[in-house]
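Visitor: I am attaching a structure below and will ask some questions about it afterwards.
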Amino acid sequence: MDKSGMFVGGAIGAVTVLIIIAIMFISPPEPLKPDISDDNANIVAKVTPLNSKSLSLIEIFKKSEPGVVRVNVQRGESEDVMGGIGSGFVFDKKGHIITNAHVVKDANKIVVTFLDGRSYNANIIGTDEYTDIAVIKVDADLSLLHPLSIGDSSNLKVGEEIAAIGNPFGLSGSMTSGIISQLGRLLPTESNYQIPDVIQTDAAINPGNSGGPLLNIRGEIVGINTAIQSTTGEFTGVGFAIPSQTIAKIVPTLIENGEYEHPWIGIAGRDIDPDMASALNLKDAVGFLVITVVEEGPAFKAGLIGSDKTIEVDGVNYPIGGDIILAVDGNEVRKIDDILVHLQKVKSVGDEMVLEILRDGRTTNVTITLDVRPNGN
């Protein structure tokens, strides 16, 4: 893999489009040392009421910059080996720093640099590749630890103004602004699982921004900047951030256990599109067709059925015979995204989940007990 970045997928039309993890392997410049300071350390996870005062971009930067750090990573045995630069933010007064899992992956040494230029070695406390979140810890001077407030990403609206702070190309303490351009995206990962419910933004995110905060106009963290979609390797108007709801759910467990166990159904299939709906004699093109059921997985144990034959329509083969998932816990399923987002937001290992399925022309409910997602692809 080219060390200029990490690539996660795909193609749109005839144009190859790369999802690029926003971390760059370059020799970092000296940290910037702005004369801005802020002694107000916010309580972690304290969500400011929605009717609180909106801040200007200048106020957001002044409030947030002391809690944003630069993360330098050494991956080789020698300090001469090219390393990576990312971003992070202070989570609590105990020295926990939040960043992306891909920023610290395979790191031999991690150095965290604060606003005033002071640097500390950091240890990895926990990582979760399935949400690209990592927790590292520094034994830093208490005066440097300015935890940032965690906001509620479920309240975000398309068109809402936001700001990103990080270290693009190693330029410490840089800020960009823009809007929320869409919500609920699926972001591919190297594990073949996808990160659900991802925020899309047009705020400029470049290599080195990974792990930095995405902030709303009240100065609350609503996401972690993690990737860009580009044909050039640099920002072209589409960036992605892991939502703060995911941070709030995953991070405490990473701090306590070092890992997070994701719930798993154990199925593979495809969304119902208009052609498939016609082939299956369905009224509407909604739902998710189960094609494969993993043996001894939760869906298998609950009796879900996968497709066992195909039908040809206009020269195209369509799988048929499998269960079609129409709803999860009473929430309509239009496509696989709805299932994945529901799992991410409200479900844990050991929980029960009720699937409304269409089988042989009849709807019925099936209850699944969720198991731990297996490692690997």
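The values are calculated or read from the model by the stated rules, or taken from the named source; none is laboratory data. Predicted model, so just to flag it, every value in this text is computed and none were measured. Ideal geometry is used to build each Cβ from the backbone, glycine not excepted, and the neighbour counts take in all protein chains shown.
For every residue, the table says whether it meets (1) surrounded by fewer than 24 Cβ atoms within 10 Å (Cβ to Cβ); (2) among the hydrophobic types (A, V, I, L, M, F, W, C).
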| position | (1), (2) |
| --- | --- |
| 190 | yes, no |
| 241 | no, yes |
| 259 | yes, no |
| 268 | yes, yes |
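Visitor: If you don't mind, there's one more thing I want to ask. Take the residues in the range 190-210 that are touching a His at 6+ places or on another chain (Cβ under 9 Å) and in a loop (DSSP other than H, G, I, E, B), then tell me which one is farthest from residue 69 (Cα to Cα). Give the steps one after another, and end with the answer.
Guide: Our first condition is that a residue be touching a His at 6+ places or on another chain (Cβ under 9 Å); within the range 190-210, this holds for 190, 193, 196, 210.
Now drop any that are not in a loop (DSSP other than H, G, I, E, B), which leaves 190, 193, 210.
Numbers: 190: 26, 193: 29, 210: 11 Å.
Filtering the range 190-210 for residues that are touching a His at 6+ places or on another chain (Cβ under 9 Å) and in a loop (DSSP other than H, G, I, E, B), the one farthest from residue 69 (Cα to Cα) comes out as 193.
Visitor: Let me ask something additional. Of all the residues that make up the range 154-170, how many are within 18 Å of residue 210 (Cα to Cα) and not aliphatic (A, V, I, L, M)? Talk me through it step by step, then tell me what you get.
Guide: Filtering the range 154-170 for residues within 18 Å of residue 210 (Cα to Cα) gives 162-170.
Next cut, not aliphatic (A, V, I, L, M) only: 166-170.
Of the residues in that region, 5 qualify.
Visitor: So, residue 334, is that one free of Cβ contacts under 8 Å to residues at least 40 places away in the same chain and of a type in the set (Lys, Arg) or not?
Guide: Numbers: free of Cβ contacts under 8 Å to residues at least 40 places away in the same chain: no; of a type in the set (Lys, Arg): yes.
No; evaluated as a whole, the condition is false for this residue.
Visitor: Need the failing condition index for residue 158 against (1) touching a Leu at 6+ places or on another chain (Cβ under 7 Å); (2) crowded, with 18+ Cβ neighbours inside 10 Å; (3) in a loop (DSSP other than H, G, I, E, B), just the number.
Guide: Only one criterion is unmet by residue 158, namely (2).
Visitor: Still on this structure: Tell me which residues, restricted to the range 295-346, are of a type in the set (Asp, Glu), surrounded by fewer than 13 Cβ atoms within 10 Å (Cβ to Cβ) and in contact with a strand residue (DSSP E or B) (Cβ under 9 Å, 6 or more places away or on another chain). Walk me through how you get there before you give the answer.
Guide: So the first thing to find is which residues in the range 295-346 are of a type in the set (Asp, Glu), and the list is 295-296, 308, 312, 314, 323, 329, 332, 337-338.
Now restrict to residues that are surrounded by fewer than 13 Cβ atoms within 10 Å (Cβ to Cβ): 295-296, 308, 312, 314, 332.
Listed by number, the residues that qualify are 308, 312, 332.
Visitor: If I go through the range 114-133 residue by residue, how many of them are aromatic (Phe, Trp, Tyr) and within 19 Å of the chain's Cα centre (by Cα)? Walk me through how you get there before you give the answer.
Guide: Here is the first cut: in the range 114-133, the ones aromatic (Phe, Trp, Tyr) are 114, 120, 130.
Remaining after also requiring within 19 Å of the chain's Cα centre (by Cα): 130.
Number satisfying all stated conditions: 1.
Visitor: Let me ask another. Considering 173, 159, 178, which residue is within 20 Å of residue 60 (Cα to Cα), touching a residue at least 40 places away in the same chain (Cβ under 8 Å), more than 17 Å from the chain's Cα centre (by Cα) and not assigned by TED's automatic domain parsing to the domain that holds residue 337? Write out each step before concluding.
Guide: Values: 159 fails: touching a residue at least 40 places away in the same chain (Cβ under 8 Å); 178 fails: touching a residue at least 40 places away in the same chain (Cβ under 8 Å).
None of the other options fit; the residue is 173.
Visitor: Criterion first (out of contact with any Pro (no Cβ under 8 Å at 6 or more places or on another chain) and at pLDDT below 95) does residue 376 satisfy it? First the steps, then the outcome.
Guide: On the way: out of contact with any Pro (no Cβ under 8 Å at 6 or more places or on another chain): yes; at pLDDT below 95: yes.
Against the criterion (out of contact with any Pro (no Cβ under 8 Å at 6 or more places or on another chain) and at pLDDT below 95), residue 376 qualifies.
Residues are listed down the side, and each one gets a yes or a no for (1) farther than 28 Å from residue 370 by Cα; (2) modelled with pLDDT under 90:
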{"position": "183", "(1), (2)": "no, no"}
{"position": "188", "(1), (2)": "no, yes"}
{"position": "193", "(1), (2)": "no, yes"}
{"position": "206", "(1), (2)": "yes, yes"}
{"position": "210", "(1), (2)": "yes, no"}
{"position": "217", "(1), (2)": "yes, no"}
{"position": "221", "(1), (2)": "yes, no"}
{"position": "238", "(1), (2)": "yes, yes"}
{"position": "254", "(1), (2)": "no, no"}
